[in-house]
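Novice: Below: one structure in structure tokens.
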Amino acid sequence: MIRVSRHFSTFGQPSCYLLGFCDASQLGYDAIVYVLSADSSGVQPAVLVGSKTKLAPMKPLTIPRLELNAALLLARWLGRIKRVLDPHIKIVGTYGWTDSMIVLSWLTVPHTSFKVYVSNRIHQIRTIVPDCKWTHIESTNNPADSASRGVMPSALTKLSLYWQGPAILRANPSTWINLVALIPLCSLPEVLPVSLTTRIDPHDCLEEWFNRFSSYDRMIRVTTIMLRFINRCRRCDLEPPPTKCLSLVEVDCATRSIIRESQRIYFSDLLRELSNGTRVSSKPLARLTPFVDDVGIIRVGGRLRHSNLSYECKHPMLIFPSALI
């Protein structure tokens, strides 16, 4: 015969602690709640209030998810008992123990960091018992371990761990919080993947560079002066320029730089395909037989290569019509 004490002293509005334990296995999960008088100083043992046990769902779940379900069951059980006892007993502290480091780490991270299944349950636990202090306990000292694995009725009467709780409940409450190293977020399962994407809008580059100039000639002149300054800073041109006037070679170099930048903006896909040696996806551009020359500029190919014209005439540079307007 099993006798369960159902008496809780409420004389003089005593204060007490509400203590809960949870555990899970592939067979099921459970939650156990005790009440311990805050004035007993370890003399009066904890009193078993009740336990809840559920079978594991038919669909297989991972152990961490089952342990989280056990913690949610405990949170609901603590919340219900607290509502019942509050008018009669002053609850000075609510504590929850689990032997799962994953669940304990989950409960210390914002629930939005995890996938929907875990996130919803973490949010429910924090909403139901927001003041509950969660901590870790070894499986050998967890009274909920026997219920999750199953115990024969003949052995249940001898389980003092189940009826009176672990020895830690008879120690000072300041020692209940077991400071353990939590699992970092990057190592936790069920973390919601975060995809960081960067969108490069070619029009942003256009606004940043080409639209600064109102005329093509001015843009060429400014670019030529900038390139001359850069070459001087890189010590590519140690000799001072013979004159302050811009040379034809410098102007041609600046023009090619601007055209190369224009092609990078407006023909980025074509430039990538030509650089990788893949087939040109755009049929109108493919008819031009484009290629990339030695300085990285896209030029037009075709049958003119057999003519006696100059290189610039046989292979003109490919320019977007409104790129340099």
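Novice: Name the lysines eligible as straight-distance cross-link partners of LYS82: C-alpha to C-alpha under 19 Å, and not fewer than 8 places from it in the same chain.
Specialist: Within the straight-line cut-off, LYS82 pairs with LYS52, LYS90, LYS133.
Novice: Each residue of the stretch 142-156 in order: what ³J(HN,Hα) in whole Hz does its phi give by Karplus 6.51 cos²θ - 1.76 cosθ + 1.60, θ = phi - 60°, with x for Gly and Pro?
Specialist: Going residue by residue, I get 8, x, 7, 5, 5, 6, 6, 8, x, 9, 5, x, 5, 8, 5 Hz, with x marking Gly and Pro.
Novice: Roughly what % antiparallel, to the nearest 5, for the DSSP beta bridges in the stretch 1-138?
Specialist: Counting DSSP beta bridges with both partners in the stretch 1-138, the antiparallel share is about 60 percent.
Novice: Any lysines with Cα under 22 Å of the LYS283 Cα? List them, leaving off those in the same chain fewer than 8 positions away.
Specialist: LYS314
Novice: Please turn the phi angles of the stretch 288-293 into ³J(HN,Hα) values with the Karplus equation 6.51 cos²θ - 1.76 cosθ + 1.60 (θ = phi - 60°), one per residue in order, whole Hz, x for glycine and proline.
Specialist: Once θ is set to phi - 60°, the couplings for the stretch 288-293 become 7, 6, x, 8, 9, 7 Hz.
Novice: Ordered by packing density, taken as the mean number of other Cβ atoms within 10 Å over each peptide's residues, highest first, how do 97-109, 126-138 rank?
Specialist: Ranked from most to least packed, the peptides come out as 97-109, 126-138.
Novice: Which order do peptides 160-172, 141-153 fall in by mean Cβ count within 10 Å, highest first?
Specialist: With the highest mean Cβ count within 10 Å placed first, the list reads 141-153, 160-172.
Novice: Put +1 on the Cβ of each Lys and Arg and -1 on the Cβ of each Asp and Glu in the chain; which of TYR17, ILE258, SER5 then has its Cα farthest toward the positive end of the dipole?
Specialist: SER5
Novice: Next question, about the same structure. For the stretch 115-120, just list the computed ³J(HN,Hα) in residue order, Karplus coefficients 6.51, -1.76 and 1.60, θ = phi - 60°, integers in Hz, with x standing in for Gly and Pro.
Specialist: Values per residue, Gly and Pro as x: 5, 4, 4, 6, 4, 4 Hz.
Novice: Sticking with this structure for a sec: For the chain, with only Lys/Arg (+1) and Asp/Glu (-1) charged at the beta-carbon, what is the dipole magnitude about the Cα centre, in debye rounded to 20?
Specialist: That gives the chain a dipole magnitude of about 580 debye.
Novice: Here's another thing I want to ask about it. All other residues with a Cβ under 12 Å from the Cβ of LEU18 taken together, and with Lys, Arg as +1 and Asp, Glu as -1, what is their net charge?
Specialist: In short, +3.
Novice: What accessible area per residue, rounded to a whole number of Å², is obtained for the chain using a probe radius of 1.4 Å?
Specialist: Value returned for the chain: 61 Å² of accessible area per residue.
The values are calculated or read from the model by the stated rules, or taken from the named source; none is laboratory data. Small disclaimer: the values here were computed from a predicted structure and weren't measured. Glycine gets a Cβ as well: all are built from the backbone with ideal geometry, and neighbour counts include every protein chain shown. All accessible areas refer to the heavy atoms of the entire protein, side chains included, with ligands and DNA or RNA removed. Shrake-Rupley method; radii C 1.70, N 1.55, O 1.52, S 1.80 Å.
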